[in-house]
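Worksheet: the structure to be examined is printed underneath.
The values are calculated or read from the model by the stated rules, or taken from the named source; none is laboratory data. Given the structure is predicted, the values throughout are model-derived calculations rather than measurements. Note: ideal-geometry Cβ built from the backbone for every residue, glycine included; neighbour counts use all protein chains shown.
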Ligand SMILES: N[C@@H](CCC(=O)N[C@@H](CS)C(=O)NCC(=O)O)C(=O)O
């Protein structure tokens, strides 16, 4: 079977891996994980013992976890798609550098805001502190990216890469948490977000998250349930 991406809703960072698969245009399937339905099916531990998304189940039954590893794996599947670069070159290093930044510092900036979203029983002072910490960290990250995008079209330069695919998933969190209006504060970043919003791969991922069944660019072979994958996972 084609590789299967386990993606999480709502608001999962796995969104970027869906966009990457669409840009790659090679056959793949999706498996939807409702992250708020706790506890998750114990079977999921077979693909990701940390109970996190995304995970990419490869053709040979081996699961690959961690967005950064999944994205670099997809990049290596097709140099023609132009989404990644050969290891050893400067461009590979730049992609790795950007993915690492997005996947650690930028991702973590939203941490306090997700705690605020998930944790029950916080008092007003605690809520305000979390919101302030999250806002400050996200602003710092946005200022950094805005500065880079003042001088380039895409996160790495003149063409799109998997860093843009991954960023498209995290960028949505700015408006979800109602932090600020990027158009006012970070015009170059806002321009990039508008461009991504108009991208067919991003629109596909949004439709998938909404529970629709979009056609996509050609690689998508439909959804599969975790239960249907059981024979492959327990073998
Ligand atoms: N380091 C992991 C982090 C993955 C992660 O934190 N995924 C979140 C969604 S963005 C998740 O699955 N959370 C599970 C939950 O909220 O129960 C990666 O980059 O892939």
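Among the criteria (1) more than 14 Å from the ligand (Cβ to nearest atom); (2) loosely packed, with under 13 Cβ neighbours inside 10 Å; (3) part of a helix (DSSP H, G or I), the one residue 87 does not fulfil is (3). What do you reckon, is residue 155 surrounded by 13 or more Cβ atoms within 10 Å (Cβ to Cβ) and either assigned to a helix (DSSP H, G or I) or without any contact (Cβ under 8 Å) to a residue 40 or more places away in the chain (or both)? No, not satisfied. Here 134, 61, 82 are screened, and the one residue that is over 23 Å from residue 205 (Cβ atoms) and part of a loop (DSSP other than H, G, I, E, B) is 61.
For every residue, the table says whether it meets (1) within 16 Å of the ligand (Cβ to nearest atom); (2) more than 24 Å from residue 178 (Cα to Cα); (3) modelled with pLDDT under 95.
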{"site": "91", "(1), (2), (3)": "no, yes, yes"}
{"site": "94", "(1), (2), (3)": "no, yes, no"}
{"site": "101", "(1), (2), (3)": "yes, no, no"}
{"site": "105", "(1), (2), (3)": "yes, no, no"}
{"site": "123", "(1), (2), (3)": "no, no, no"}
{"site": "139", "(1), (2), (3)": "no, no, no"}
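Identify, please: which residue in region 1-20 is surrounded by 24 or more Cβ atoms within 10 Å (Cβ to Cβ) and closer than 11 Å to residue 209 by Cα and is, among those, nearest to the ligand (Cβ to nearest atom)? Across region 1-20, the extreme among qualifying residues is 14. Return the residues of region 21-64 that are at positive phi and more than 15 Å from the ligand (Cβ to nearest atom); say none if nothing qualifies. The answer is 25, 61. Would you say residue 128 is at pLDDT 95 or above, over 25 Å from residue 164 (Cβ atoms) and either assigned to a helix (DSSP H, G or I) or within 19 Å of the chain's Cα centre (by Cα) (or both)? Yes, satisfied. Checked against (1) over 17 Å from the mean Cα position of the chain (by Cα); (2) in contact (Cβ under 8 Å) with a residue 12 or more places away in the chain; (3) outside the structural domain of residue 74 (by TED's automatic domain parsing), residue 224 passes all but condition (3). Give the residues of region 22-51 that are within 22 Å of residue 108 (Cβ to Cβ) and free of Cβ contacts under 8 Å to residues at least 40 places away in the same chain, sorted by residue number. Those that are within 22 Å of residue 108 (Cβ to Cβ) and free of Cβ contacts under 8 Å to residues at least 40 places away in the same chain: 35, 36, 49, 50, 51. What residue, among those in region 65-84 that are touching a helix residue (DSSP H, G or I) at 6+ places or on another chain (Cβ under 8 Å) and away from the ligand (no atom under 16 Å from the Cβ), is modelled with the highest pLDDT? Residue satisfying both the conditions and the ranking: 77. Could you list all residues from region 26-57 that are within 30 Å of residue 82 (Cα to Cα) and in a loop (DSSP other than H, G, I, E, B)? Selection gives 26, 27, 47, 48, 52, 53, 54.
Given the structure, is residue 191 more than 17 Å from the chain's Cα centre (by Cα), within 26 Å of residue 111 (Cα to Cα) and modelled with pLDDT of 95 or more? Criteria met by residue 191. Contact annotation: residue pairs with Cβ atoms under 8 Å, 6 or more positions apart or on different chains, pairing a residue in region 101-130 that is free of Cβ contacts under 8 Å to residues at least 40 places away in the same chain and assigned by TED's automatic domain parsing to the domain that holds residue 171 with a partner that is in a helix (DSSP H, G or I) and within 13 Å of the ligand (Cβ to nearest atom), are 130/113; 130/115.
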